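Read through the structure below, which is laid out as structure tokens, and then see the notes.
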Amino acid sequence: TNECSVHLIVKAANFAAIAHRTQLRKDGSTPYINHPIGVANILTELGGVSDPNVIAAALLHDTIEDCDVTSEQIEHEFGAKIKSIVDEVTDDKSLPKAERKRLQIVHAPNISKEAKLVKLADKLYNLRDLLRKTPIGWDTKRVQEYFEWASEVIAGLRGINKPIEDELILVFAKKNIKL
Ligand code: NDP
Ligand code: ZN
């Protein structure tokens, strides 16, 4: 029911806010929680997505990767469906960074539709963030390489949400990359 969805989404936002409470984005000043909230907002406002499990998973998408949260905790609080979406968008931090980045490209075509939606919105948010302000310590070359890698991941996520994909095409065009 609607009542359940409101409860679920507020609970996910609160859980993420607590998990990310001490973290900042790589611009060195923006609270990290702005990112998962913004990803959820891209899905609802631009993507027209209304599946509560996808929106809750978007709010929670970086809590395992970047905080001391476990997959079991997500399952206990939010159930098996949301846990599985968050797992699908979580990198294995025990692997070297280059391998993690390669695996995102390899895995993208094979993840669920729900996980693809979260990943598309996550990439759009991060690319817009890079255009807004260069992260501390990054040069032009690193930004360009990030866009090129992201375009390879997104190639495996196409065909599920036209408004988000159209916006990604525009963002990549600014860096002379054809999606
Ligand atoms: P990182 O993975 O280190 O950083 C990008 C990630 O940081 C995003 O995916 C996002 O993930 C998070 N993030 C936090 N704050 C911001 C912000 N303000 N704007 C955008 N993203 C933010 O980047 P890469 O290692 O991929 O670097 C890009 C390229 O540069 C690579 O192709 C690499 O070859 C090259 N390079 C890498 C170096 C390195 O040390 N890794 C050094 C030099 C070059 P989330 O959604 O999880 O928050
Ligand atoms: Zn993210």
Under 5 Å from the placed amide H of residue 24, counting only residues 5+ away or on other chains, we find 32
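With +1 on each Lys and Arg Cβ and -1 on each Asp and Glu Cβ, and nothing else charged, work out how big the dipole of the chain is about its Cα centre, in Debye to the nearest 20. Write out the running numbers ahead of the final one.
On the way: 25 positive and 26 negative charges, 142 e Å.
In debye, rounded to 20, the chain gives about 680.
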Quick one: if you stick a label point 7 Å off each Cα along the C-beta vector at residue 2 and residue 134, how many nm between them? 4.8 nm
Projected-area average for the stretch 44-100 over all orientations - Cα convex hull basis, square nanometres: 4.6 nm²
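Hey, any idea what Rg/Rh is for the chain, computing Rh the Kirkwood way over Cα pairs?
Details: Rg = 15.7 Å, Rh = 16.6 Å.
Rg divided by Rh gives 0.94.
Counting pairs of alpha carbon atoms under 8 Å apart in space and at least six apart in sequence, what relative contact order in percent does the chain give?
It rounds to 22 percent for the chain.
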Put a dot 7 Å past each Cα toward the Cβ at residue 37 and residue 93; how far apart are the dots in nm? 2.3 nm
Would you mind putting 83-89, 138-144, 70-76 in packing order, based on average other-beta-carbon counts within 10 Å, highest first? 83-89, 70-76, 138-144
Once R0 is set to 30 Å, what does the formula 1/(1 + (r/R0)^6) return for the Cβ-Cβ distance between residue 17 and residue 142, expressed as a FRET efficiency to the nearest 0.05? 0.55
What is the sum of charges around residue 74, taking Lys and Arg as +1, Asp and Glu as -1, for the other residues whose C-beta is under 9 Å from the C-beta of residue 74? -3
Summing Lys, Arg as +1 and Asp, Glu as -1, what charge do residues with Cβ under 10 Å from the Cβ of residue 31 carry, residue 31 excluded? +2
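Per DSSP helix of 4 or more residues, -39500 (n - 2.57); summed, then divided by the residues of the chain. What does that give at 222 nm, rounded to the nearest 500? Spell out each step's value before the answer.
On the way: 10 runs with 115 residues, N = 179.
Helix-only estimate at 222 nm: -19500 deg cm²/dmol.
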Two decimals is fine: what is log10 I(q)/I(0) at q = 0.17 Å⁻¹ for the stretch 1-91, from a Debye sum with one equal scatterer on every Cα and no solvent? -0.67
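How long are the semi-axes of the equivalent ellipsoid of the stretch 87-158, taking √(5λ) for every eigenvalue λ of the Cα gyration tensor, in whole Å from largest down? List each step's numbers first, then the result.
Working: eigenvalues 89, 44, 23 Å².
So the equivalent ellipsoid measures 21, 15, 11 Å along its semi-axes.
Throughout, read-outs are computed from the coordinates displayed, never taken from laboratory work. For clarity, every value in this text was computed on a predicted model and none was experimentally measured. All Cβ positions, glycine included, derive from the backbone under ideal geometry; neighbour counts span all protein chains shown.
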